[in-house]
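Chemist: Before anything else, here's the structure in question.
What follows draws every value from the coordinates through simple rules; no lab data is involved. As the structure is a prediction and not an experimental result, all values here were calculated from the model. With ideal geometry, Cβ positions are generated from the backbone for all residues, glycine too; neighbour counts draw on all protein chains shown.
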Amino acid sequence: MKDISLRVGGAAGDGIASVGESFCRIFSRNGFYVFGHNGYQSVIRGGHVWFQARASPERIWSQGDGCDLLYALDRQTVDVHAPALRQGGIIVFDPEKFQVPPEKVPAGVRAFPVPTLELARKFSPQSILQNAVGMGACAFLAGVPFATLENVLGDQFRKKKDVLEQNLGAAKLGYEHAQAHGAASDKAMPMKGGAPKLLLTGNQAIALGAASAGLKFLAQYPMTPATSVMHWLAAHATQFDIVVKQAEDELAAINMAIGASYAGVRAMTATSGGGFSLMVEGLGLAGMTETPLVVVEAQRSGPSTGLPTKTEQGDLNMMLGASQGDFPRVILAPGGAAEAFRSTVRAFELAEEFQTPVLLASDLYLSEDLHAVDREELPLDHVPASLFAVPDPPSGSNGYKRYLLTPSGVSPRAIPGQKGLNFIASSDEHDEAGHLISDIYAGIPMFVEVRRKMMEKRMRKLGGILRTTEPPKLEGPANAEVTLVGWGSTALPVRDAMAILSSRGVAVNYLHVRQPFPLHAEAIAQVLRLAKRTLLVEQNYTGQLGRLIRAETGIDLPHKLLHYDGEPLYPWQVVGKVLEVTGRVAS
Amino acid sequence: MSLASAPPKTAGPALKVVYKSSTKPTWCPGCGDYGVVASVERALSSLQVPPHEVVVVGGIGCSSNLPHFLSSYGFHGLHGRAMPVAEGVKLANHGLHVIVTGGDGDGWGIGLGHALHAMRRNLDLTYIVMDNEIYGLTTGQASPTSTMGQKTKSTPQGVIEEPVNPISLSLAAGATYVARGFSGDPKQLSDLIAGGIKHRGFALIDVFSPCVTYNPLNTFDFFRQRLYKLDSAGHDPSDLVKAHAKALEWGDRIPTGLFYRVERPTYEELEPALKPGPLVHQKAGLQGKDKVLDEFV
Ligand SMILES: Cc1ncc(C[n+]2csc(CCOP(=O)(O)OP(=O)(O)O)c2C)c(N)n1
Ligand code: SF4
Ligand SMILES: [Mg+2]
């Protein structure tokens, strides 16, 4: 696959992510597909952080394997990342800061000194401009015309003219230094000038999807990697008139969202596994009171506080089982930014249509990394339906039943403020009118019957959800040696692995389970029964989706690639496992 | 479709409104909470608020069942979590009157954090706590307001924790209307509740509402012997320092009435997204707003 990857590393506070993002933007603006992975730690300054910007004229989905340019701001970056350099790779470093010992330079790689500090000092006594010099040098080595870099920097410092001028000057010196002292990378790609791609994080796609679906109320408590959902919506709150409430904790966040939704606006909350643990009782409240609710669960490495800045898909079991008793719920697990946008809109539609909670399962990898999509993939044309669908009853009528028993299990929903439709929503079991049957009526035969009917009414919605949602489709060729099975962001490295395998003549396809619950068990069983061989790929220890599939279809997926070290899954890891299960390499 | 727009906070032409629900209270005979629901009805009638413009939110406990016994809109949520539900309702449609009802366990125990934060936000909510100094529904354990030394099922040797002081806490947290009532005095109580509903901002009314089944200490007689009225004693409710001093009075003489009231901008008034009117009436979605995508180029 034609691609180029730049990796930049240093300490937190060195501006690593900013350099990485600028590189992503240079390429995405010029019509390239891009992926930006931010490898950071739970510290604000110091430690070791790195960013990988990968670009290709073809569709790419993940950070890919290895890199071609390594811009090292410290010695540790060389130690950690030089082994990832591919043939023809270049290490950019400043000899004033440290030396790169020859034994640290892999075969086929060259170390390329750039006096970033010295050149930066021409503009400012502080070291602040060294990254601009470094970027200039890297831009040349990556084959980027200086005008293109100028364009991206121009936007970055749009509001500060003097800072922009210094940065451009410094970048130019770095660019010219590289031009004078070395050749560009043989991976350098000419700018093709295609329609710019949109560059955004999964969380931005989710936030945009929510706003497009008609979100008016977000209540959230900060927790990595869900926090930037709130950041984006807060930054746009006055533009779109959305109330963004930072709650005192996740218990409050989910209950506020339920209250707002009950009162007639589309509401959402977002969190990670730890916060979702606190939301569990609230989730059941939404199910019992039949209040539409969207909860974003952006997973990170658990258990407990775990690795706050590292990725995992370890919360599927919790999402499936969260809260006491049975009630209908939906879990959507998009793979990619455009899909996250669409799934979020869908989450609101399903929550509304079936008056029940919908969980949007993301993870740190999808939520925080940068993805490039085509503008057409984010259509903002969704027209949210009116929530005041229940007509006013004739005057004097008091026959409205909020929880009317219906064949679909969905009852006409009134909004507080509507005259004559007054009702009570109750976390206690209740009758069709909403009156509780948990105290003086509990256990009385007539009300035993009511309880049974209310339970069945609510659970009937699951059938409707299954009928109105699409079963998962196989990606890739119909005829394959191996059928990979996974959910959520696992699709990203898997799709890139499929391209690599196909170029090597190994046909694989992928069953992307975008809706883990309710599971389209029959459709999935059909695919699995026809598969020559299966490989379950999940980013957790126990193979949580595999267990669910076995429970729902009776089919066991014996070959597993289970990944739980906190780092993203790499395409080569999937490729390696496929070669192993097909007997091409020894296990 | 008729939907409440911001209702006037002053009485209009006299309406005959029925707030009583067809559901009869299931409290023990003699329970203090009967006096509270009657006072809420009275307060709402005196203000002439139509029931469909009122949402009453309860938590869990004997007292928290109160929304079922009114004909308004209601939400009977989780133990300790009525407040955030009410905050969500109010922010979604600030044209509604939102009343939160619950017990001392619900509000001063499990839900304490939410109560204090709602107060400092000064949302326009009316919070009525039926304080019986006991956990009623779970059959008589100590509550956060139980008296030192009081023997309960969970403290057979007597309580060994200081009780919380709901009035002091509310004053400190920034509530802008802080009152105490007694369910044995429905006249005073309904006036305090009506005052709270009319008040623009967060109103707390802590109500001594005896549990006749599980609290033999804090009975109607106990309170009748000790209570006196702040207004008769010449208390000035605009004085925060004096309010704090009055909040500390306990023992033979215990004050009821309005401790403190102040005007402060409400959260709804300060929230920019509510400037165009209640959220529930606003346009939703991003049709025609494609320009927002330019920030991702
Ligand atoms: C999360 C949770 N924990 C515990 C309970 C059990 N519970 C129900 S009511 C209650 C205490 C009620 O006390 P209070 O709020 O003072 O109400 P009262 O019954 O005295 O009016 C408890 C602990 C529950 N319903 N939910
Ligand atoms: S147990 Fe106590 S609080 Fe509960 S209803 Fe009976 S008297 Fe009232
Ligand atoms: Mg109590």
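Chemist: For the peptides B:87-94, A:437-444, B:51-58, B:190-197, what is the packing order when you average, over each peptide's residues, the other Cβ atoms within 10 Å and list the highest mean first?
Modeler: So the peptides B:87-94, A:437-444, B:51-58, B:190-197, ranked by packing, come out B:87-94, B:51-58, B:190-197, A:437-444.
Chemist: Still on this model: Give me the percent relative contact order of chain A, please, defined on Cα pairs under 8 angstrom at least 6 residues apart. Don't jump to the answer; show the numbers that get you there.
Modeler: Numbers: 1292 pairs, mean separation 67.8, N = 587.
RCO, chain A: 12 percent.
Chemist: Determine which aspartates and glutamates satisfy two conditions relative to A:K172: a Cα distance under 14 Å, and not lying fewer than 8 residues away in the same chain.
Modeler: Correct list for A:K172: A:E118, A:E150.
Chemist: Ok, one more. Separation between the B:S22 and B:S238 pseudo-spin-labels, each 7 Å from Cα along Cα→Cβ, expressed in nm?
Modeler: In this crude label model, B:S22 to B:S238 measures out at 4.9 nm.
Chemist: So, one more: For B:61-71, what's the mean count of beta carbons from other chains sitting within 10 Å of each residue's beta carbon?
Modeler: 2
Chemist: Next question. Can you bin the protein assembly as shown into rounded, prolate or oblate? Criterion: square roots of the alpha carbon gyration tensor eigenvalues sorted a ≥ b ≥ c, rounded for a/c under 1.5, prolate for a/b above b/c, oblate for the rest.
Modeler: prolate
Chemist: Against the longest alpha carbon principal axis of chain B, how many degrees, from 0 to 90 and to the nearest 10, is the axis of helix B:82-92 turned?
Modeler: So the helix axis and the longest Cα principal axis differ by about 30 degrees.
Chemist: Below 8 Å between Cα atoms, with a sequence gap of 6+, how large is the relative contact order for segment B:126-220 in percent?
Modeler: 35 percent
Chemist: Under a Cβ-Cβ cut-off of 13 Å, what is the net charge of the residues other than A:Y403 that fall near it, where Lys and Arg count +1 and Asp and Glu count -1? Intermediate results must be reported in sequence, preceding the final value.
Modeler: Details: positive: A:K401, A:R402, A:R413, A:R451, A:K453, A:K457, A:R458, A:R460, A:K461; negative: A:E290, A:D428, A:E429, A:D431, A:E432, A:E456.
Spelling it out: positives minus negatives among the neighbours equals +3.
Chemist: Ok, one more. When A:D565, B:D124 are ordered from fewest to most other Cβ atoms inside 10 Å of their Cβ, what list results?
Modeler: A:D565, B:D124
Chemist: To continue, here is another question. Report the extension gain between A:K192 and A:M1 in nm, rounded to one decimal, defined as 0.36 nm multiplied by the number of residues separating them, less their alpha carbon distance. It would help to have the intermediate numbers written out before the result.
Modeler: Details: separation 191, 0.36 × 191 = 68.76 nm, distance 1.66 nm.
Full-extension gain reported as 67.1 nm.
Chemist: Across peptide A:197-208, how many C-beta atoms of other chains are within 10 Å of each residue C-beta, on average? It would help to have the intermediate numbers written out before the result.
Modeler: Values: counts 2, 5, 3, 3, 1, 0, 0, 2, 1, 0, 0, 4.
Whole-number average of other-chain Cβ neighbours for A:197-208 is 2.
Chemist: Under the rule of -39500 (n - 2.57) per DSSP H run of 4 or more residues, summed and divided by the residues of chain A, what mean residue ellipticity at 222 nm is obtained, to the nearest 500 deg cm²/dmol?
Modeler: Using -39500 (n - 2.57) per qualifying helix, the result is -11500 deg cm²/dmol.
Chemist: Next question. Students often forget the sequence filter, so: which lysines lie under 25 Å Cα-Cα from A:K473 once same-chain residues fewer than 8 apart are removed?
Modeler: Straight-distance partners of A:K473: A:K461, A:K532, A:K560, A:K577.
Chemist: To continue, here is another question. Taking the Cα centre of the protein assembly as shown as the origin and placing charges on Cβ (Lys, Arg +1; Asp, Glu -1), which of A:L421, B:Y228, B:P166 is farthest toward the positive end of the dipole?
Modeler: Comparing the listed Cα positions along the dipole, A:L421 ranks first.
Chemist: Can you list the residues of segment A:12-30 with backbone N under 14 Å from a point 7 Å past the Cα of A:Q41, pointing along Cα to Cβ?
Modeler: In segment A:12-30, the label zone of A:Q41 (backbone N under 14 Å from the point 7 Å along Cα→Cβ) covers A:12-14.
Chemist: To the nearest 0.05, how large is the calculated FRET efficiency for A:Q76 and A:T305 if R₀ is 35 Å and r is the Cβ-Cβ distance?
Modeler: Numbers: r = 25 Å, r/R0 = 0.71.
After rounding, the FRET efficiency stands at 0.90.
Chemist: A further question on this structure: For A:K197, go through the lysines and keep the ones whose alpha-carbon is under 24 Å away, minus same-chain ones fewer than eight residues off.
Modeler: A:K2, A:K159, A:K187, B:K289, B:K291
Chemist: With a point put 7 Å past each Cα toward its Cβ, work out how far B:K187 is from A:A478 in nm, to one decimal.
Modeler: With each label placed 7 Å out from Cα toward Cβ, I get 8.7 nm.
Chemist: Within 10 Å of each residue's Cβ, count the other Cβ atoms and sort A:R29, A:R550, A:R300 from fewest upward.
Modeler: If I rank by nearby Cβ atoms, fewest first, I get A:R550, A:R29, A:R300.
Chemist: Around A:V80, with a cut-off of 11 angstrom between Cβ atoms, what is the net charge of the other residues, counting Lys and Arg +1 and Asp and Glu -1?
Modeler: Neighbour charge sum, excluding A:V80 itself: +1.
Chemist: A further question follows. When the label point is put 7 Å from the Cα of B:T138 along its Cα-to-beta-carbon vector, which residues of segment B:81-112 have a backbone N closer than 16 Å?
Modeler: Within reach of a label on B:T138, which here means backbone N under 16 Å from a point 7 Å along Cα→Cβ, segment B:81-112 contributes B:81-82, B:103-112.
Chemist: Which whole-number percent gives the relative contact order of segment B:33-296, counting Cα pairs below 8 Å spaced six or more residues apart?
Modeler: Working: 553 pairs, mean separation 48.6, N = 264.
About 18 percent, as a whole number.
Chemist: What is the extension gain from A:A551 to A:A183, computed as 0.36 nm multiplied by their sequence separation minus the C-alpha to C-alpha distance, in nm to one decimal?
Modeler: So the chain would gain 126.7 nm between A:A551 and A:A183.
Chemist: Oh, and also: Please give the charge dipole size of the protein assembly as shown, origin at the Cα centre, charges +1 on K and R Cβ atoms and -1 on D and E Cβ atoms. Round to the nearest 20 debye.
Modeler: Values: 82 positive and 85 negative charges, 194 e Å.
That gives a dipole near 940 debye.
Chemist: Separate question: Give the order of A:M279, A:M191, A:M288 when sorted by the count of other beta carbons within 10 angstrom, beginning with the fewest. Please report the intermediate quantities before stating the final value.
Modeler: Working: A:M279 28, A:M191 16, A:M288 22.
The fewest-first ordering by Cβ neighbours comes to A:M191, A:M288, A:M279.
Chemist: Would you please give the FRET efficiency between A:W572 and A:I128, computed as 1/(1 + (r/R0)^6) with r the Cβ-Cβ distance and R0 = 56 Å, to the nearest 0.05?
Modeler: 0.90
Chemist: Among A:G321, A:G336, A:L350, flag the residue with its Cα farthest along the positive direction of the charge dipole of segment A:300-358, charges on Cβ as +1 for Lys/Arg and -1 for Asp/Glu.
Modeler: After comparing all options, I get A:G336.
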